[in-house]
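Undergrad: Sending over a structure as structure tokens; questions will come in a sec.
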């Protein structure tokens, strides 16, 4: 079984590509969602987060995401410390999940910071969903109801697309001009044949 990482900048359309892959019958592991689940449910990870950020990191047993976000965003050291706790837990969870998917020719891990976290090094292949920056900004402004500056701030936490392109094995262009389905089908067929 091939383990594929799928990433792209905010607003690139990762979720849409993953939906198509799921419609083709392949399983997708959503790393960001699973990280949130682990931060809320994994007792070892919860204890480590409390040790690092204090009891206020959880409210009534639930992760206080707003409190944690206020602590870590804008503070590179605290963000790195949180990532150093969460990323290994997600890696182990993904390995366990992938190990149960043996009936599939490939599985996909969707992660916003696949390259930044180093997770790509543990995968067989990587796919970048690419879109022009102005298209991405427009999509996020419309989707999240936020202004341009807020989108740019979020983008600043991700590796620039030019850098991601150097690391990706395969690129899907989601610029609103090129058709997506043929690109995903081509990727799917290549993965099934083991050519990527």
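The values are calculated or read from the model by the stated rules, or taken from the named source; none is laboratory data. Since we're looking at a predicted model, the values are computed, not measured. For neighbour counting, all protein chains shown are included, and Cβ atoms are generated from backbone atoms with ideal geometry for every residue, glycine included.
Undergrad: State all residues of the range 175-196 that are exposed (fewer than 13 other Cβ atoms within 10 Å of the Cβ) and farther than 24 Å from residue 10 by Cα; if no residue qualifies, say none.
TA: Once the filter is applied, which keeps residues that are exposed (fewer than 13 other Cβ atoms within 10 Å of the Cβ) and farther than 24 Å from residue 10 by Cα, the range 175-196 yields 189, 193, 194, 195.
Undergrad: Could you list all residues from the range 1-34 that are buried (at least 21 other Cβ atoms within 10 Å of the Cβ) and not in a strand (DSSP E or B)?
TA: 8, 9, 11, 12, 13, 14, 17, 21, 31
Undergrad: Checking residue 116 against (1) assigned to a helix (DSSP H, G or I); (2) surrounded by fewer than 19 Cβ atoms within 10 Å (Cβ to Cβ); (3) not assigned by TED's automatic domain parsing to the domain that holds residue 15, which single condition isn't satisfied?
TA: So the condition that residue 116 fails would be (3).
Undergrad: Taking the condition more than 18 Å from residue 121 (Cα to Cα), in contact (Cβ under 8 Å) with a residue 12 or more places away in the chain, surrounded by 11 or more Cβ atoms within 10 Å (Cβ to Cβ) and outside the structural domain of residue 121 (by TED's automatic domain parsing), does residue 79 pass?
TA: no
Undergrad: Checking residue 98 against (1) surrounded by 15 or more Cβ atoms within 10 Å (Cβ to Cβ); (2) farther than 21 Å from residue 126 by Cα; (3) out of contact with any helix residue (DSSP H, G or I) (no Cβ under 9 Å at 6 or more places or on another chain): exactly one of these is not met. Which one?
TA: Here residue 98 clears every test but (2).
Undergrad: Shifting gears a bit: Which is surrounded by fewer than 17 Cβ atoms within 10 Å (Cβ to Cβ) and touching a strand residue (DSSP E or B) at 6+ places or on another chain (Cβ under 9 Å), of 50, 44?
TA: From the options 50, 44, the qualifying one is 50.
Undergrad: Restricting the search to the range 1-21, which residues are out of contact with any strand residue (DSSP E or B) (no Cβ under 9 Å at 6 or more places or on another chain) and closer than 20 Å to residue 118 by Cβ?
TA: The one that is out of contact with any strand residue (DSSP E or B) (no Cβ under 9 Å at 6 or more places or on another chain) and closer than 20 Å to residue 118 by Cβ: 10.
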